[in-house]
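What follows is a single structure, written as structure tokens, with notes after it.
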Amino acid sequence: MWARALLGALLLACAVSARAAPQGEPEPELRALLAKTIGASDSFEHRFDAEVWLLDMSGRLSGIIKDEAQRLELLRLVHSEARRAKLSPELVLAVIEVESRFDPNAVSVAGAQGLMQIMPFWLKEIGRPGDNLFHPPTNLRMGCTILKFYLDKERGNLINALGRYNGSLGRIKYPDLVISALQRRWYRN
């Protein structure tokens, strides 16, 4: 137990120092925001795990999403939906980076919408035409479910599952982009 706590403290210290965070005590507003986000993060086994992951990923995402509250809420949602679907949250972050660059209002030339670029026809297919794909919880729920379905269909073959997700099965460009983003920005050892 103490070894896990020590490892966690070291990871936290590395994550914080690697992000060029302000020196000294954290701002009270940030402390309160982080405490609220961690308290609402029911997808983590332990509170400490939530704190380490959210701080680490928040630092990695800070160059893309400037607003701390928005960034932490999105990370909490991503973690929750990824875990619900039994996916790696880091893989979901890599897909979002490639699909929409974390723009919840993104629309592709093909008409896909939101963070994970879901095609609107899915709403009619599942009998929920009134749902909003620009609403991050809805988009993440659908995107994670679709990605997990393809990963299972492909028996864990990530290249093929990503190709199916993107509608480019048999071509390597899209899976390479996601895997590159995963290794470059989101990988955790």
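Bear in mind these aren't lab numbers, they're just calculated from the coordinates by the rules spelled out. The shown structure was predicted, so the numbers you read here are calculated from the model rather than taken from an experiment. FYI the Cβ positions are ideal-geometry reconstructions off the backbone, even for glycines, and counts take in every protein chain you see.
Some observations on this one:
- Computed on the Cα atoms alone, the convex hull of region 84-154 gives a volume of 94 cubic angstrom per residue.
- Two-site FRET efficiency, Lys124 against Asp176, from Cβ-Cβ distance with R₀ of 30 Å, rounded to 0.05: 0.40
- Bridging of Lys66 to lysines at a Cα separation below 25 Å is possible for Lys36, once same-chain residues fewer than 8 apart are set aside.
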